[in-house]
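Student: Quick one: structure below, then a few questions.
The values are calculated or read from the model by the stated rules, or taken from the named source; none is laboratory data. This one's a predicted model, so the numbers in the text were calculated from it and none came from an experiment. Positions of Cβ are backbone-derived with ideal geometry, glycine not excepted, and every protein chain shown enters the neighbour counts.
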Amino acid sequence: MRRKHVHANKNIEEHNVVASMDWPEVSKYKCSVSSQSHREEIIADLFTEVKDSQNRLVYGGMIRELIESFRKANGSCKPGRIIFYRDGVSEGQFSQVLLSEMDAIRKACASIEEGYLPPVTFVVVQKRHHTRLFPEDHHARDQMDRSRNILPGTVVDTKICHPSEFDFYLCSHSGIQGTSHPTHYHVLFDENNFSADALQTLTYHLCYTARHYLEEGSLPDHGSSSASAAGGSRRNDRGVPVKPLPEIKENVVITPESTSRERNRSIINKLVALHKQFLDGRLPVYDGRKSIYTAGPLPFKTKDFVVKHINPLRGNQREEENKVTIKQASKTDLYSLKQFLVGRQRELPQDTIQALDIALRECPTSKYVSISRSFFSQSFGHGGEIGSGTECWRGYYQSLRPTQMGLSLNIDISATAFYKAQPVMDFAVQYLNIRDVSRRLSDQDRIKLKKALKGVQIVATHWKEKSIRYKITGIPSAPMNELMFDLDGNRISVVQYFKKQYNYSLKHVNWPCLQAGSDSRPKYLPMEVCSILEGQRYSKKLNEHQVTNILRMTCERPAQRESSIIEIVNTNSYGNDDCAKEFGIKVANQLAVVDARVLPTPTLKYHDSGREKVCNPSVGQWNMINKRMVNGGCINHWTCLSFASRMHVNDIRMFCEDLVGMCNNIGMQMNTRPCVDIIQGQQRNIEGAIRNIHRQSSEKLDHQGLTGQQLQLLIVILPEISGSYGRIKRICETEVGVITQCCAPKSLQKGGKQYLENLALKMNVKVGGRNTVLEDALHKKIPILTDRPTIVFGADVTHPSPGEDASPSIAAVVASMDWPEVTKYKCLVSTQSHREEIISNLYTEVKDPLKGIIRGGMIRELLRSFYQETGQKPSRIIFYRDGVSEGQFSQVLLYEMDAIRKEGYLPPVTFVVVQKRHHTRLFPENRRDMMDRSGNILPGTVVDTMICHPSEFDFYLCSHSGIKGTSRPTHYHVLLDENGFKADTLQTLTYNLCYTYARCTRAVSIVPPAYYAHLGAFRARYYMEDEHSDQGSSSSVTTRTDRSTKPLPEINENVKRFMFYC
């Protein structure tokens, strides 16, 4: 069987071929996926042959792979017959598809064994036709089902079928709503000599074996085994019943075109108010761009309107005339959505969901500041200044989602940073922390301010009679008294112009202007006559002080957050929302109650020399008292380099002695004396100090006759002034080749046993040790992990902060290097195109004129490393992929699975997307045994029903104990499962792995391989030197191309083989 997906923004098509893997049951199917040319119907990869480096033919392709898999699954028995159901072929393509694809099937069989040519039946399956079958008597109940459609199993193979060929119409399903659509089966080739009855009966019976698939693997049973049931947790969703009203999508064109959603909405609102008589009483909802939706048809197909509108960007001085063209685009109803919600349709009817979502957003959009799916207003309170000219606004997130309960409205509390509405000069003083505004602005401060203000809307205040808005595009380097331009043939400065034109004496003449407009037609505005408009989101990266303040303002315990959500719902009063009423939407006024389970806590193994050899964590946490690391690392050669100018060397020496004592007490073997004595370095010469201490260490080791041995660990005391951490890591890990442990002076001075213990945990894994392992892993009792060599991958892509258009994205992939323990992970990193989510370097091929094709990539290198460490090839792959949004699922799965497949051998893969950035929250019912001390749900709480996808394999897991605020469960979505995981098995494995995170004695919130990949990508960002550059708007495109293709510096081999990123 084949299924095709066309990607609208890419010139590719995705082809799936599935084949049954069990006989005689015929219920398990394996799927093979490939991409090919845009709108090419014939499947190109059914059979492939390529020549290897020794000029030998290597056979492959989807048919060959699937037949080989059938053999493995059926005791080396080859199929003696092939039945091939081919979907998606139009009648005009029958002969072409049959000729090409039958040839590929023949070649694939012959390549497996000479003379192997099983008989084939080739059947085209057509659903997109307009034949309908109606029962003869609409009053005869024995001729129809409850929906008054023909009965399931009805088949027609005469009269309306082809005059001479073998085809039939079969209605295999029961109708629900509307008229049933029979499927047309056309037999193009039949070497198995099916009688009509035999093939029709077989086809109908197979329809009863169908389960819901996503690429491959069926939705497993919901999890059942657990230590205890969590009862009914409440989730911040509300049921949304909808009347079956038709939805009409209208395309909107506003002339002249505007990119401002606010202005577009103002125009459409005025149109609706002025021209109600032409809208047939409909209340349209608008997305702010190109689409309007109505709950029923408008009385025209296309109509032009003229709307006169006052533009606030021009100071409300004159009316502008806009032409608005509304044209009917499409019509949707709720039938497809209902089919999707009950699992009878795979494709989500996105247009229907979007129309209903926009209807629910119409009213709040007119009242609040809308950003993505959230709404913000100062009227929600709990905000305030957070520093550097910014302030925190509270709001709420709202999204309509399909779930197993039906449509659910996901509502959550949101908070984000906004520019404070104030004069630009005040912002600049706060942002740059300037005390003397009379001094000239340094170039470094100017660039910093330019990045902070680029794209911000301001209003000029030097006109008394009007206020005009501008968008900042840059800050020129020259101060106002030196910035000259032509006016009536004369050169004049900005200061002179304002005095002459407005009789305005500028005060801060040593400061630069703001620039609006383009580089070719700039408009210069002194900062002191400009104010920042209210309601603009601050999208730049927040500093540490701002993050601390915003967390303090928004942190809420679960009960408080639940009350805030309910308060938002009551404030919005969805029952009185005119747009919701228009579309027949009703929103329940209480949180959804869902079934939850608590998974059992795993047992952790520690070294037998400790008093406690095993540990049973309590509520997601434990400690190292009476325990010793299961595999303590050995550090013979270490030293310390301090950049803390306010700390005495004796204090640092005492700290090092305490740290060494802690390491040795909990299981490490660390030399009590440093390789060379502690050195005090200068912050202005960090690189020189690092190279110097590394050279001294090498010389001392050589002098002691330890030639070939190197410094294993460098303890670095950071400077009091932040900003040096990244440079230290880059120099040590990519140039010098030494593992480092950095310590902040504040933390060092506080000291304490817990701090030393945490440092020891990190140091141990950085030198190749293990802190703890799962006891079940050592005894090989973990299903689908320890029975056969299994490698666990984690992958993530981090993107540059908003506004950094020139920086590339960074991908990191980690993989477990030990089996069955699964605790040590090797990390590889690479750069790729700006904001590209698909990992481009998973698999690479480079043509060499002498060696031919050289294969490489991160997957290949990590698989080889696994083999070198364990002596075995992995028989199974579990791939946790972080950072993928729902809209990218199919694209990421297609490309990244293809890269994994290209490694040559084909171990089964389970591909799981890990999502942390969502707005689902789970609140415990009011029982003390269902919550931890913070009032959050217990670690191990898992939900896999009701609020999950209607037909796919996903679940929410809260694996950590709450500390502050409301815990956020992690969403795991299984896109591909060739390993046949049951829900319980995958949920328990994922939860248990969360107890193996190396940096603390707590279960973490996301599965460690995904966490490590995030840390690796974050670390690699430091390897790109932080250059202060002044990039104008016109040069940003060129710069982006140059930077995005620049590779990262290679991580030194002495560093890369360890968990250096911890």
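Student: Considering only residues that are within 26 Å of LEU761 (Cα to Cα) and either free of Cβ contacts under 8 Å to residues at least 40 places away in the same chain or crowded, with 20+ Cβ neighbours inside 10 Å (or both), which ones fall in the range 584-604?
Tutor: THR601, PRO602, LEU604
Student: Is there a residue being on the phi > 0 side of the Ramachandran plot and either in contact (Cβ under 8 Å) with a residue 40 or more places away in the chain or in the same structural domain as ILE690 (by TED's automatic domain parsing) (or both) anywhere in the range 642-655?
Tutor: no
Student: Return only the number of the condition from (1) on the phi < 0 side of the Ramachandran plot; (2) over 41 Å from the mean Cα position of the chain (by Cα); (3) of a type outside the set (Phe, Trp, Tyr) that GLY281 does not satisfy.
Tutor: (1)
Student: With the requirement that a residue be hydrophobic (A, V, I, L, M, F, W, C) and out of contact with any Cys (no Cβ under 9 Å at 6 or more places or on another chain), what does the range 369-400 give you?
Tutor: VAL369, ILE371, PHE375, PHE376, PHE380, CYS392, TRP393, LEU400, listed by residue number.
Student: Can you tell me how many residues in the range 904-920 are in a loop (DSSP other than H, G, I, E, B) and either of a type outside the set (D, E, K, R) or in contact with a strand residue (DSSP E or B) (Cβ under 8 Å, 6 or more places away or on another chain) (or both)?
Tutor: Selection size over the range 904-920: 9.
Student: Answer yes or no as to whether TYR991 is without any contact (Cβ under 8 Å) to a residue 60 or more places away in the chain, of a type in the set (Phe, Trp, Tyr) and assigned by TED's automatic domain parsing to the domain that holds ARG788.
Tutor: In short, no.
Student: The conditions are (1) free of Cβ contacts under 8 Å to residues at least 40 places away in the same chain; (2) not in a strand (DSSP E or B), and ILE1006 fails exactly one of them. Which is it?
Tutor: Every condition holds for ILE1006 apart from (1).
Student: I need the full set of residues from the range 294-329 which are in a loop (DSSP other than H, G, I, E, B) and either within 13 Å of ILE267 (Cα to Cα) or modelled with pLDDT of 95 or more (or both), in order please.
Tutor: Passing the criteria: only ASN311.
Student: Among the hydroxyl-bearing types (Ser, Thr, Tyr), surrounded by 24 or more Cβ atoms within 10 Å (Cβ to Cβ), in the same structural domain as LEU894 (by TED's automatic domain parsing) and in contact with a Ser or Thr (Cβ under 9 Å, 6 or more places away or on another chain): does that describe TYR956?
Tutor: No, not satisfied.
Student: Okay, next question. Looking at the range 745-761, which of the residues that are at pLDDT below 95 and small (Gly, Ala, Ser) is farthest from GLY632 (Cα to Cα)?
Tutor: So the residue we want is SER747.
Student: Which residues, taken from the range 108-131, are surrounded by 14 or more Cβ atoms within 10 Å (Cβ to Cβ) and either among the β-branched types (Val, Ile, Thr) or assigned to a helix (DSSP H, G or I) (or both)?
Tutor: ALA108, CYS109, ALA110, SER111, ILE112, VAL120, THR121, VAL123, VAL124, VAL125
Student: Can I ask one more? For the range 984-994, indicate whether the set of residues that are outside any helix (DSSP H, G or I) and under 27 Å from LEU756 (Cα atoms) is non-empty.
Tutor: Looking through the range 984-994, at least one residue is outside any helix (DSSP H, G or I) and under 27 Å from LEU756 (Cα atoms).
Student: On to the next question. Restricting to the range 643-691, name every residue that is hydroxyl-bearing (Ser, Thr, Tyr) and under 39 Å from the mean Cα position of the chain (by Cα).
Tutor: Result: no residue meets the conditions.
Student: Just to be sure, is GLN741 under 21 Å from VAL676 (Cα atoms) and modelled with pLDDT of 95 or more?
Tutor: yes
Student: Find the strands (runs of 3 or more DSSP E) located wholly in the range 1-41 whose residues include 1 or more that are loosely packed, with under 13 Cβ neighbours inside 10 Å and modelled with pLDDT under 75, and list them.
Tutor: 2-6
Student: Here's another thing I want to ask about it. Report whether or not THR473 is surrounded by fewer than 16 Cβ atoms within 10 Å (Cβ to Cβ), outside the structural domain of PRO800 (by TED's automatic domain parsing) and β-branched (Val, Ile, Thr).
Tutor: Taking the combined requirement at face value, the residue does not satisfy it.
Student: Output the strands (runs of 3 or more DSSP E) that fall wholly within the range 398-507 and possess 1 or more residues being closer than 30 Å to THR365 by Cβ, or say none.
Tutor: So the answer is 406-419, 457-460, 469-474.
Student: Consider ARG344 against the criteria (1) over 18 Å from PRO256 (Cβ atoms); (2) touching a His at 6+ places or on another chain (Cβ under 9 Å); (3) of a type outside the set (A, V, I, L, M); (4) exposed (fewer than 14 other Cβ atoms within 10 Å of the Cβ): it satisfies all of them except one. Which criterion is unmet?
Tutor: Unmet condition: (4).
Student: Filter the range 972-987 for residues that are under 16 Å from VAL943 (Cβ atoms) and surrounded by fewer than 20 Cβ atoms within 10 Å (Cβ to Cβ) and give the result.
Tutor: Result: no residue meets the conditions.
Student: Given the condition part of a helix (DSSP H, G or I) and under 27 Å from MET62 (Cα atoms), answer yes or no: does some residue in the range 134-142 qualify?
Tutor: no
Student: Shifting gears a bit: Suppose we filter GLU482, GLU465 for residues that are of a type in the set (Asp, Glu), surrounded by 14 or more Cβ atoms within 10 Å (Cβ to Cβ) and farther than 28 Å from LEU551 by Cα; which single one remains?
Tutor: GLU482
Student: Ok, one more. State which residue is modelled with the highest pLDDT when the search covers only the range 162-173 and only residues that are in a loop (DSSP other than H, G, I, E, B) and crowded, with 16+ Cβ neighbours inside 10 Å.
Tutor: Looking at residues that are in a loop (DSSP other than H, G, I, E, B) and crowded, with 16+ Cβ neighbours inside 10 Å, I get SER172.
Student: Identify the residue in the range 833-849 that is surrounded by fewer than 16 Cβ atoms within 10 Å (Cβ to Cβ) and assigned to a loop (DSSP other than H, G, I, E, B) and, among all such residues, is farthest from the chain's Cα centre (by Cα).
Tutor: Taking the candidates together, the pick is PRO849.
Student: Still on this structure, please answer the following. Could you please let me know if HIS799 is under 16 Å from GLY1016 (Cβ atoms) and surrounded by fewer than 19 Cβ atoms within 10 Å (Cβ to Cβ)?
Tutor: Judged against the criteria, HIS799 is a match.
Student: Could you tell me whether the range 492-504 includes any residue that is at negative phi and in contact (Cβ under 8 Å) with a residue 40 or more places away in the chain?
Tutor: Among the residues of the range 492-504, at least one is at negative phi and in contact (Cβ under 8 Å) with a residue 40 or more places away in the chain, which makes the answer yes.
Student: For the range 353-372: of the residues being within 24 Å of the chain's Cα centre (by Cα) and of a type in the set (S, T, N, Q), which is farthest from ARG263 (Cα to Cα)?
Tutor: In this case the residue turns out to be GLN354.
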